[in-house]
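A quick write-up on the structure given underneath.
Rule-based calculations on the coordinates, nothing more; no lab input. Just so it is clear, the model here is predicted, and its values are computed rather than measured.
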């Protein structure tokens, strides 16, 4: 998932592929609206456990924060003491592994800060895990993540490697050079470290402390372009390992999410936040019944003044938005609960990674129609899937 920076004026985006949260969120003293909380008045119906809200800073690494938070919630669900996992350790390993694929693909694949929901679990299985204190990932003189320079440098180096091969062969040192560059910015990986009085390696920490089974987690999606109830590859640039998801029907998505939350599981969610009906400041996301370009100025100004009617979402609408690039792999968050507004309408409670300076201290309330329309994929524990699990052969 890559990101566009959402500024608190309607639909103003800086850049087209990288969500640059920049230091603006850190500098803003008050991003809270004056009326939203009073107009909506949510009542919590279901609320699964989650760790504290983090801030990804100027980095397109929400996939690591959202899936990392999902793993932390899984630890709590399993009765374990949650760990503040080092998101940048996962990101470090992604930069290197993605670089190897980029070179193998002769530069024709995606390279950058973005990733997919499955990446933290897959990279943990391969490289282990670290607590935040053991790997803050800030070795370049900043107190918050700033990855623009690192990404540009790595991409330039990789492009040189591809272009400068001698006689069709790569040198034997390019991967070492990439690794050392990543380590210069994010820090070298400790061979051993101490956590709560005991010494671990990254691999032993993942096994003994985190203790999740990577095979227990599956991703799902819903597109008419592929057969239902089969595995498909979600064709978005940041699915750099080309991992597959189970393709289910539209209503199956929210049925699965509902079932998961009611059983105490959370959900890692990949979505698109470029919609006019998404407001971080107000902490609300929905699909307005009327297209934005057809609204009057008064209607545009009142988008988040109170609960509004929504467009009915169909598989055809969802597919069209994806095919037209209106739905892209924009952002990753964690769905942690269900709430109702003053009219009894259900919303999902969603944990973000842009800090706590919005109406709901870093959370949003997202309608089910928004999830149906804008989800690219989502990840759950396979035991959180209802009876449809049999159709998926899980």
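A few notes on this one:
- Mean-position separation - Cα centroids, segment 341-364 and segment 228-244, in angstrom: 28 Å
- Estimated [θ] at 222 nm from DSSP helical runs (n ≥ 4, -39500 (n - 2.57)) normalised by residues in the chain, nearest 500: -9000 deg cm²/dmol
- Each Cα pair under 8 Å and six or more residues apart adds its sequence gap; the mean of these over the residue count of segment 270-366 is a relative contact order of 33 percent.
- Relative contact order (%) - criterion: Cα under 8 Å, at least six apart; region: the chain: 25 percent
- DSSP bridge analysis restricted to segment 20-390 gives an antiparallel fraction near 90%, rounded to the nearest 5.
- Distance from the C-alpha centroid of segment 75-109 to that of segment 283-338: 30 Å, rounded to the whole angstrom.
- Size descriptor, Kirkwood hydrodynamic radius, that averages inverse alpha-carbon separations across segment 80-143, Å: 13.0 Å
- Rounded tilt (10° steps) of 250-262 against the dominant C-alpha axis of the chain: 80 degrees
- Crossing angle, helix 62-77 versus the chain [Cα axis fit, 0-90 degrees, rounded to tens]: 80 degrees
- Three-way shape label, segment 31-112, alpha-carbon gyration tensor, a/c 1.5: oblate
- Per the Debye formula on identical point scatterers at the alpha carbon atoms of segment 159-240, with no solvent, log10 I(q)/I(0) at q = 0.15, 0.22, 0.25, 0.27 Å⁻¹ is -0.96, -1.03, -1.16, -1.25.
- Centre-to-centre separation between the Cα atoms of segment 187-225 and those of segment 126-159: 18 Å.
- Prolate/oblate/rounded call for segment 194-337, Cα gyration tensor, a/c under 1.5 rounded: prolate
- For the chain, a Gaussian network of Cα nodes joined below 10 Å ranks 133, 359, 252 by mean-square fluctuation, and the top entry is 133.
- For segment 65-210: rounded, prolate or oblate by the Cα gyration tensor [a/c cutoff 1.5]: prolate
- Kirkwood Rh, Cα atoms: Rg over Rh of the chain: 0.96
- For the chain, the longest principal axis of the Cα atoms and the long axis of helix 87-104 meet at an angle of about 70 degrees.
- Gaussian network model of the chain, springs between alpha carbon atoms under 10 Å - residue of 310, 361, 191 with greatest fluctuation: 191
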